[in-house]
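> Have a look at this one.
Taken together, the values in this text are just the output of simple stated rules run on the coordinates, not laboratory data. As the structure is a prediction and not an experimental result, all values here were calculated from the model. Cβ atoms come from the backbone with ideal geometry, glycine included; neighbour counts cover every protein chain shown.
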Amino acid sequence: MGFWALLQLGFSTVIFLLAAAAAKQWGLAPSLGKIVLTLVLYSLGNLIMLRLIREFGMSVSLSLSAVIQLVSVNVLALAFFGEQLNALQATGIVLAIAAVALITLGPYLQRL
């Protein structure tokens with residue numbers, strides 16, 4: 001995956017983070033404007049992901065996006081929205097990150 005693809009992946013992650021923050025704000029105080037903004041942001045992020053899927057395949061693109069979003073959305077929720085996880089939930093997140101890493105890196109590690 002080259003520099004341009006990583007840049008697109010990063011850009012889609014930022015858009016998905018903005019969408020998640022907009023969704024949280026809608027959840028706290030629902031309004032039509034917030035839900036429209038949320039839908040537009042998620043749609044834009046997915047359009048970028050479609051380009052990456054076409055170029056690099058579904059498994060690599062979506063797996064990388066999933067783990068990056070998993071980490072970044074949790075950082076956003078914990079640091080900026082004051083949400084908390086119990087030990088079981090935190091363990092689940094760590095296992096999910098490990099699972100996506102194994103799925104993504106598995107084919108490359110098998111070649112070694």
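> Sort Phe16, Phe3 so the one with the fewest other Cβ atoms within 10 Å of its own Cβ comes first.
Values: Phe16 22, Phe3 7.
Fewest-to-most Cβ neighbours within 10 Å comes out as Phe3, Phe16.
> For Leu109 and Thr91, calculate 0.36 nm times their separation in residues minus their Cα-Cα distance, and state this gained length in nm to one decimal. Don't skip to the end; give the middle numbers.
Numbers: separation 18, 0.36 × 18 = 6.48 nm, distance 2.43 nm.
Using 0.36 nm per residue and subtracting the Cα-Cα distance, I get 4.0 nm.
> Also, I was wondering about something else. In nm, to one decimal, how far is the Ser72 label point from the Leu102 one, both placed 7 Å along Cα→Cβ?
With each label placed 7 Å out from Cα toward Cβ, I get 2.6 nm.
> At 222 nm, what helix-only mean residue ellipticity would the chain give, in deg cm²/dmol to the nearest 500, using -39500 (n - 2.57) for each DSSP H run of four or more?
-30500 deg cm²/dmol
> Starting from the Kirkwood Rh over alpha-carbon pairs, what translational D in µm² s⁻¹ does region 8-59 have by Stokes-Einstein at 4 °C and 1.567 mPa s? If you can, show how the numbers build up before the last one.
On the way: Rh = 11.4 Å.
Answer from the Stokes-Einstein relation: 113 µm²/s.
> I'd like to know how the chain sits against the 2.2 N^0.38 Å rule of thumb: what's its Cα Rg over that expected value?
1.18
> Same structure again: Averaging sequence separations of C-alpha pairs under 8 Å and six or more residues apart, then dividing by the length of the chain, give the relative contact order as a whole percent.
The normalised contact order for the chain reaches 27 percent.
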